[in-house]
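What follows is a set of notes on a single structure, which appears directly below.
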Amino acid sequence: MNGYYTIFIAGHSRLPQGMAAKNVYETLTVTAEVDYKYGVILEASCTLATNHGREFIGRLLRGYSIKDGIDEPIKAIQIHYRGKATNAIIAALKDLHYQFQQMKLENIHEGKQNVEKA
């Protein structure tokens, strides 16, 4: 695998009332394929109701590193996304970042520091 691993992580949050996606989902989920070593989002998606919205969020998040924080992707959402799900997307991103941090901590505590090497 080119000397590194990617991981798939998900963050979840509650959807606000009045959203089309709320008819299908109770929560909003942001998923991402992330480079384990550098924390770079390689691909992302979410459970917004429209394909266009899901693709937009994926393009917007691609390329950000979550290794050192989530502030920059949150800022990008706040600037470029103007829908009812803004707060839910941000909360899901924060949860996704938390899941990433937990995975890194668990691997360190279990002696798997070299998981990024193939």
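The values are calculated or read from the model by the stated rules, or taken from the named source; none is laboratory data. If you're wondering where the values come from, they're calculated on a predicted model, not measured in any experiment. So basically every Cβ, Gly included, is an ideal-geometry build from the backbone, and we count neighbours across all protein chains shown.
Quick one: in segment 70-85, which of the residues that are among the small types (Gly, Ala, Ser) and modelled with pLDDT under 95 is farthest from LEU28 (Cα to Cα)? Among those that are among the small types (Gly, Ala, Ser) and modelled with pLDDT under 95, it is GLY83. Taking the criterion of being closer than 16 Å to SER45 by Cβ and assigned to a loop (DSSP other than H, G, I, E, B), the residues of segment 83-97 that qualify are GLY83, ALA85. When TYR98 is tested against (1) surrounded by fewer than 15 Cβ atoms within 10 Å (Cβ to Cβ); (2) of a type in the set (Phe, Trp, Tyr); (3) farther than 15 Å from THR31 by Cβ, just one condition goes unmet, and that condition is (3). When the residues of segment 1-24 are filtered to those that are surrounded by 15 or more Cβ atoms within 10 Å (Cβ to Cβ) and hydroxyl-bearing (Ser, Thr, Tyr), the one that is modelled with the highest pLDDT is SER13. Among the residues making up segment 29-41, those that are in a strand (DSSP E or B) and within 14 Å of PHE100 (Cα to Cα) are VAL30, THR31, ALA32, GLU33, VAL34, ASP35, VAL40, ILE41. The residue that is surrounded by the fewest Cβ atoms within 10 Å (Cβ to Cβ), among those in segment 62-82 that are touching a residue at least 24 places away in the same chain (Cβ under 8 Å) and in a loop (DSSP other than H, G, I, E, B), is ASP68.
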